[in-house]
1. Restricting attention to the range A:93-113, report how many residues are in contact (Cβ under 8 Å) with a residue 40 or more places away in the chain, touching a Ser or Thr at 6+ places or on another chain (Cβ under 9 Å) and outside any loop (DSSP other than H, G, I, E, B).
2. Regarding the range B:288-303, can at least one residue be identified that is buried (at least 17 other Cβ atoms within 10 Å of the Cβ), under 25 Å from the mean Cα position of the chain (by Cα) and within 30 Å of B:M140 (Cβ to Cβ)?
3. So B:T233 ticks every box in (1) assigned by TED's automatic domain parsing to the domain that holds B:E136; (2) of a type in the set (V, I, T); (3) more than 22 Å from B:L151 (Cβ to Cβ) but one. Which box is left unticked?
4. Can you list residue pairs whose Cβ atoms sit under 6 Å apart, with the first residue in the range A:363-378 being at the interface with another protein chain (Cβ under 9 Å from one of its Cβ atoms) and the second being surrounded by 19 or more Cβ atoms within 10 Å (Cβ to Cβ) and not in a helix (DSSP H, G or I)? Count only pairs 6 or more apart in sequence or on different chains.
5. Here is a list: A:L203, A:L244. Which entry is assigned to a loop (DSSP other than H, G, I, E, B), under 17 Å from A:I173 (Cα atoms), within 17 Å of the chain's Cα centre (by Cα) and not small (G, A, S)?
6. Within the range A:157-172, is even one residue among the polar types (S, T, N, Q), under 19 Å from the mean Cα position of the chain (by Cα) and more than 21 Å from A:A254 (Cα to Cα)?
7. Within the set of pairs 6 or more residues apart or between chains, which connect a residue that is in contact (Cβ under 8 Å) with a residue 24 or more places away in the chain inside the range B:218-235 to a residue that is among the basic types (K, R) and surrounded by 16 or more Cβ atoms within 10 Å (Cβ to Cβ) with Cβ atoms less than 7 Å apart?
8. Can you pull out every residue in the range A:63-105 that is of a type in the set (D, E) and loosely packed, with under 15 Cβ neighbours inside 10 Å?
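The values are calculated or read from the model by the stated rules, or taken from the named source; none is laboratory data. Only a predicted model underlies this, so the values are computations on that prediction, with no experimental measurement involved. Please note: Cβ atoms are built from the backbone with ideal geometry, for glycine as well, and neighbour counts cover all protein chains shown.
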Amino acid sequence: MMLSEHLRENVLRLEAAYSDCADVIFHDMLIGGHTPAMLVYIEGLIRLDELDRHVVEPLRDGPGPNSGLESIRRQTAVASVKTVDSFHRLVDEIADGCPALLVDGYNAALVFGLSDREQRAIEEPTAESVLRGPREGFIETMRTNIALLRRKIRSPKLKVVTLRLGSSSKTPIAVMYVEDIADPSLVREVMNRLERIEITDVLETAYIEEWIEDNRYSPFPQLLSTERPDVASAYLLEGRVVILVDGTPTVLVAPITFFALLQTPEDYYERYVVGTAIRWLRYFFFAISLLGPSLYVAVVTFHQEMIPTTLMLTMARSREQIPFTALMEAVLMETMFEALREAGARLPKQIGSAVSIVGALVIGQAAISAGIVSAPMVMVVAITGIASFMAPRYTIGIPIRLLRFPVMFLAGMMGLLGVILGVIVILNHLLNLRSFGVPYMSPLAPLEKRGLKDVLWRAPRWMLNRRAKG
Amino acid sequence: MKKALTLAPVILLFPLLAAGCWNAREVNDLAIITAAGIDRLEDGRIELSVKIYLTSPIGSESGGRMSDQPNSDKGTSVVLSATGINTADAASRLQKMISRTVFWGQTEVYLFGERMARAGLEEPMEFLMRHYASRERSLMFVSEGTAKDVLLLSPPIDRSVADALIAMAEQQTGLNITMKDLAQMLVGKSGAAVLPIVRISTETDRQAAYPFIEGMAVIKNGRMIGRMNEQATRGVMWLRNEIKRSTVTVTPDDSGGYVSVHLLRNHTRLLPRIEGDRWIMTVRVTGQDDVVENTSDLDLSVPKHIGKVEEELEKFVEARMRLALELAQQEFGADVFRFADAFWRKYPKIWTANADRWDEIFPKVEVRIETDLRIARPGLVGRNFFRREQR
């Protein structure tokens with residue numbers, strides 16, 4: 001729907017659209033004392049004093065009558081001015097916090113880039129802290145986030161494509177990539193998938209994540225979410241696409257592989273020997289966090305001959321008066337642990353310590369003294385807990401926490417055979433997963449030798465080829 | 001269709017679940033055997049005795065806690081025995097006596113009573129090797145008297161008899177024969193085997209009786225035919241390349257004292273040769289040694305004196321081996337050194353042709369001993385400077 005030449009008509013339409021919106025201000029004025037005009041903006045979203053100084057004041061004694069919209073624009077002292085002739089665009093711009101000027105006699109409106117929003121300072125992201133490396137994190141304002149990335153990649157090849165999603169929220173979304181590094185077909189695919197989304201609101205990147213994933217039923221994340229500009233720009237330079245959503249500090253990276261989810265920025269900020277060692281430690285404990293309790297259950301219920309004799313005798317003694325089977329014990333303790341973690345994560349810090357004290361008592365000392373669980377089981381749960389905290393990204397930790405339980409049941413019913421069955425099923429699923437067409441387990445499967453130097457070890461920087469192939 | 005395909009593996013899992021926990025054994029339901037003894041009664045029946053670890057000692061209130069005091073484990077085993085016409089029969093009768101499932105997977109020590117050993121080890125070994133849970137790495141012993149008597153001991157230092165015997169065997173001062181070794185020897189070319197002998201030290205008023213390893217049993221064609229004393233056993237161990245550590249004290253000529261040497265990194269190689277009718281075995285012993293004590297006049301910082309000690313050592317080791325060879329070749333006629341395997345490996349055809357005659361050939365095998373023992377580290381001082389006349 002286009003704008004009309006009559007100011008009155010346009011204003012009426014806008015007023016109808018914004019009925020019962022007390023925060024929308026309609027400010028009528030006379031440009032140069034002769035041409036009627038209407039300034040429309042939303043209170044609190046604009047820089048009011050700048051609007052006064054650079055728009056309202058110069059236009060008061062503005063250009064002569066019928067000198068054209070262009071001369072009115074030139075009269076103002078604002079660098080960012082857009083001319084909008086569609087009614088819907090106009091509503092979008094006003095909603096974004098840009099004051100709009102409708103002038104009688106012109107079927108277009110001037111939109112001033114004077115939006116201003118309350119925004120959080122740039123802080124270190126708490127979920128992804130590092131010891132060495134940049135401490136800045138994305139914030140809720142997309143514009144600032146784009147600027148943060150632009151500041152890291154100063155090349156004009158860094159492209160930003162914006163679109164809006166959500167029929168009611170009309171959230172701005174930005175897709176960023178580096179031209180000539182990113183595969184054009186990948187960019188096209190991302191855009192295609194984004195445009196196909198039918199959604200009313202986008203309050204977080206997770207809202208669109210579920211829409212554009214290759215396998216929507218998988219417990220594993222197929223996009224990487226990060227709050228760190230350094231991580232996002234590193235992926236951009238590897239030829240991946242970053243998706244930003246206004247209103248959340250989390251951005252999405254696509255495509256992604258399983259091993260990328262197990263990497264931290266610090267792998268690259270530390271010396272490569274250290275980076276490699278820590279990476280392997282992480283792989284090992286990742287396996288423990290999935291299989292720890294299951295292996296214990298399997299060995300204790302089926303394969304007692306696998307335990308060294310001395311340990312076996314001690315364990316036999318500590319398990320003697322436990323009323324539960326090893327499987328029930330494990331499920332009980334793991335559930336308890338997950339409950340404690342969930343309770344602790346949501347509580348304010350002041351109360352959080354109370355939870356940890358009670359937790360330590362309940363699943364630790366008291367449970368053992370009461371003879372409800374055995375001491376080795378508590379140790380296994382504790383080690384598994386620590387192992388699951390080592391997952392560098394929360395999103396990869398969750399599916400593992402979840403899958404631990406079915407594997408535990410398999411172990412309790414079939415011993416190591418069950419554990420292996422569980423692992424095979426999970427591996428099978430992982431091997432079938434794709435993220436924007438890229439096999440999830442690459443470069444291990446399908447094997448790509450060049451990629452292995454950033455998976456099996458963190459090769460020294462001069463050996464690393466930063467660009468992802470294909 | 002696609003959904004059906006994804007569901008297929010899940011459905012296929014169900015039969016496995018139906019199998020359920022049929023072979024699950026909770027630790028609480030196990031009777032863990034730490035050592036087992038097999039004896040032969042006078043009427044020819046087999047008595048199987050097992051040492052079962054008591055997981056719930058009477059009067060303990062520790063609950064699920066791991067024991068706090070390291071010593072509280074002591075004396076928390078019971079010995080149960082059952083008799084049967086063979087080992088398997090005895091084992092099944094034993095199970096009837098016990099409320100829990102007998103668990104063989106942690107049995108680290110098997111003892112054969114001397115009478116059992118003399119009657120033949122094939123029967124119990126067949127049971128043990130066939131059994132799915134017994135460990136091939138368990139240690140095997142022959143006990144003087146009955147095996148049950150050894151099991152009934154609770155040695156003062158170690159947690160159990162089993163621990164004590166394992167520790168002693170692993171020190172390599174005596175033979176260290178696992179179930180796998182024994183089985184291999186019993187079916188090997190030479191048809192002879194050795195097992196360490198466990199003796200019980202007599203009880204004194206100060207301390208409880210304890211078992212220790214002394215000498216070895218010579219087994220031929222599955223039957224114990226005799227025993228060798230401690231010194232001959234060492235000789236056998238030298239020839240079998242099983243000496244890992246030992247301390248030897250020699251008296252070099254005209255030196256007026258002793259030199260004690262700690263033997264490290266010893267290696268014995270068997271080099272067989274057949275010249276016409278003569279079967280020759282060259283035994284080459286090499287080793288590096290540390291001097292640990294020197295009360296002689298020799299100055300060990302002088303290479304000539306070192307050579308003298310080395311010579312003396314070589315003589316000593318050779319004498320040990322000669323003693324063992326004499327006993328094995330002439331008295332027992334049992335090839336406990338596995339010469340047969342060495343000959344067979346080098347001359348498979350000749351050996352196979354003469355396999356039936358091995359019992360005749362073995363006593364006539366010419367053994368040449370070449371020793372090369374070197375003193376690598378004479379220690380921090382040369383002479384014994386505590387001796388007045390040497391200052």
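1. Adding up the residues that qualify gives 5.
2. no
3. (1)
4. Filtered contacts from the range A:363-378: A:A367/A:V373; A:I368/B:G64; A:G371/B:G64; A:S374/A:I322; A:S374/B:G64.
5. Numbers: A:L244 fails: assigned to a loop (DSSP other than H, G, I, E, B).
On inspection, the qualifying residue turns out to be A:L203.
6. Initially, the range A:157-172 is screened for residues among the polar types (S, T, N, Q), giving A:162, A:167-169, A:171.
Next cut, under 19 Å from the mean Cα position of the chain (by Cα) only: A:162, A:169, A:171.
Filter again for more than 21 Å from A:A254 (Cα to Cα), leaving A:169.
Yes, the range A:157-172 contains a residue that is among the polar types (S, T, N, Q), under 19 Å from the mean Cα position of the chain (by Cα) and more than 21 Å from A:A254 (Cα to Cα).
7. Note: pairs meeting the criteria are B:V218/B:R227; B:R223/B:R118; B:M224/B:R118; B:Q231/B:R320; B:R234/B:R320; B:G235/B:R320.
8. Just the residues of the range A:63-105 that are of a type in the set (D, E), to begin with: A:70, A:85, A:92-93, A:96, A:104.
The answer is A:E70, A:D85.
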